[in-house]
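Below is one structure, written out as structure tokens, with a few remarks after it.
The values are calculated or read from the model by the stated rules, or taken from the named source; none is laboratory data. It should be emphasised that the depicted structure is a prediction, and the values quoted were computed from it without experimental measurement. With ideal geometry, Cβ positions are generated from the backbone for all residues, glycine too; neighbour counts draw on all protein chains shown. Keep in mind that these areas ignore ligands, DNA and RNA; they rest on the heavy atoms of the full protein, side chains included. Shrake-Rupley method; radii C 1.70, N 1.55, O 1.52, S 1.80 Å.
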Amino acid sequence: MTRIAFYAPLKPPSHPIPSGDREIARNLMKALALAGFDPFVASEAIAYQKRPSAELFADRRARCEAEVDRLLAVWQAQPAAKPDLWMTYHPYCKAPDWIGPPVCRALAIPYVTVEACRTRQDTDADWADGRAVVQAAVRQAAVNFCLKPADRAYLESFLPDASSIVALKPFIDLADLPDAVDVEGPCAAGEGPLILSVGMMRPGAKIDSYRLLAEALAGLVDRPWRLVIIGDGPGRNEVEAMFGFAGDRARFTGAVPHEQVLGWMKKADLFAWPGMREAFGVAYLEAQAIGLPVAAFATAGVPVVVGHDESGLLAPEFDIVAYRDNLARLLASPQERARLGAGGRAKVARDHGLDAAAATLEGALLPLVGARTGVAVAP
């Protein structure tokens, strides 16, 4: 069986702090196994640095270079354990990959990236060295899997051609979603459809999304609706103040376990999250899998996972009037919510489950390892 060395320089799949990155890494390994490969975590070395620091950058690089020596020594002593291919998930300027490229050159095996991207940073100069490392790695890669159009555009901006770029639709493990638990207590005061929002309360894109949602709902105070907001963070007081106009029609749960988030999704009538600068949003996939219609902006990676008029309604970026109109349309029509909810379930099952991801991975990777091992690859 083809052995694939898997590495996530930002955070290993086993990291104790829950995050979307960790969940995607774990699901990638599941999809690789489903495709017939034998993935294993090659290293848990962390390259990530939250803030620019030349000293920390040098320290991270030195630790990763030592990891290269360690891995090569292990595989020299145990040739049967040597990988046939290396895959790095989510290298970017704050978490470059110093390990995979030199290992692949030493072992003469293919190098592959998933979600190599360019993120918004306030000071590009501070992250130029890390970005240069990532771009060199991407140029070496035989395949670069992209989860959203913005990442493809970034890679195309410096690659000599786009032949190594392969689209991989964002996906979740539908079979591994925790069982939703019944949530107790009143949803929120009043009557009308229950709107659910889920998002961290931190400065930047998340606070921007809350502000846009509040502005849209403020224009619908004459309509019956209730709102539950799941999330917490340093901006919670600011967020609660934004929705002061809603009074007791809005309930803030704080952060809750994943199974309770799913419980609220099952109880809600629609999922409303603007999604400013959202990579794609695992919560959108989970909400659609449960059958919730989505109201969001057609921004960043959101249209990759939410189909307009198929599984939700997408408004042009920053168009508050259009977003408010979409919310009003969903609030007014149980039939529309049911239609889009059914469309979401079908979309996630068809395009965003493990089976779809495994097929894409197999199709792109099998020729690489087949060519290397001499195994015939069917056309």
*Given the conditions (1) open to solvent by 30 Å² or more (accessible area, probe 1.4 Å); (2) part of a helix (DSSP H, G or I); (3) at pLDDT below 95; (4) not charged (D, E, K, R), and given that residue 14 satisfies all but one, which numbered condition is not satisfied?*
(2)
*asked:* Among the residues that make up the stretch 233-245, is at least one of them over 20 Å from the mean Cα position of the chain (by Cα), in a strand (DSSP E or B) and more than 27 Å from residue 316 (Cβ to Cβ)?
replied: no
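Residue-by-condition table, conditions (1) closer than 28 Å to residue 129 by Cβ; (2) at pLDDT below 95:
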position: 29; (1), (2): no, no
position: 32; (1), (2): no, no
position: 53; (1), (2): yes, yes
position: 59; (1), (2): yes, no
position: 64; (1), (2): yes, no
position: 69; (1), (2): yes, no
position: 82; (1), (2): no, no
*Could you check how many residues of the stretch 275-324 are under 19 Å from residue 351 (Cα atoms), among the aliphatic types (A, V, I, L, M), open to solvent by 10 Å² or more (accessible area, probe 1.4 Å) and part of a helix (DSSP H, G or I)?*
5
*Only one of 52, 83, 79, 101 is open to solvent by 20 Å² or more (accessible area, probe 1.4 Å), in contact with a helix residue (DSSP H, G or I) (Cβ under 8 Å, 6 or more places away or on another chain) and not hydrophobic (A, V, I, L, M, F, W, C); which?*
52
*Of 132, 153, 167, which residue is open to solvent by 20 Å² or more (accessible area, probe 1.4 Å), over 21 Å from the mean Cα position of the chain (by Cα) and of a type in the set (A, V, I, L, M, F, W, C)?*
132
*Unmet requirement for residue 119, which otherwise passes all of (1) among the β-branched types (Val, Ile, Thr); (2) open to solvent by 10 Å² or more (accessible area, probe 1.4 Å); (3) touching a Pro at 6+ places or on another chain (Cβ under 9 Å)*: (3)
*Taking the stated definitions as given, is residue 351 of a type in the set (Asp, Glu), in contact with a Lys or Arg (Cβ under 7 Å, 6 or more places away or on another chain), open to solvent by 10 Å² or more (accessible area, probe 1.4 Å) and in contact (Cβ under 8 Å) with a residue 60 or more places away in the chain?*
yes
_Just to be sure before I move on: is residue 222 modelled with pLDDT under 90 and open to solvent by 50 Å² or more (accessible area, probe 1.4 Å) in the structure I sent?_
no
*asked:* If a residue must be surrounded by fewer than 19 Cβ atoms within 10 Å (Cβ to Cβ) and touching a Pro at 6+ places or on another chain (Cβ under 7 Å), how many such residues does the stretch 236-268 contain?
replied: 2
*Is it fair to say residue 61 is assigned to a helix (DSSP H, G or I) and either surrounded by fewer than 22 Cβ atoms within 10 Å (Cβ to Cβ) or touching a helix residue (DSSP H, G or I) at 6+ places or on another chain (Cβ under 9 Å) (or both)?*
yes
*Within the group 191, 215, which residue is among the acidic types (Asp, Glu) and modelled with pLDDT of 95 or more?*
215
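Does residue 272 satisfy being aliphatic (A, V, I, L, M) and surrounded by fewer than 17 Cβ atoms within 10 Å (Cβ to Cβ)?
On the way: aliphatic (A, V, I, L, M): yes; surrounded by fewer than 17 Cβ atoms within 10 Å (Cβ to Cβ): no.
In short, no.
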_Residue ID - farthest from residue 163 (Cα to Cα), chosen from residues in the stretch 74-132 that are assigned to a loop (DSSP other than H, G, I, E, B) and free of Cβ contacts under 8 Å to residues at least 12 places away in the same chain_ = 78
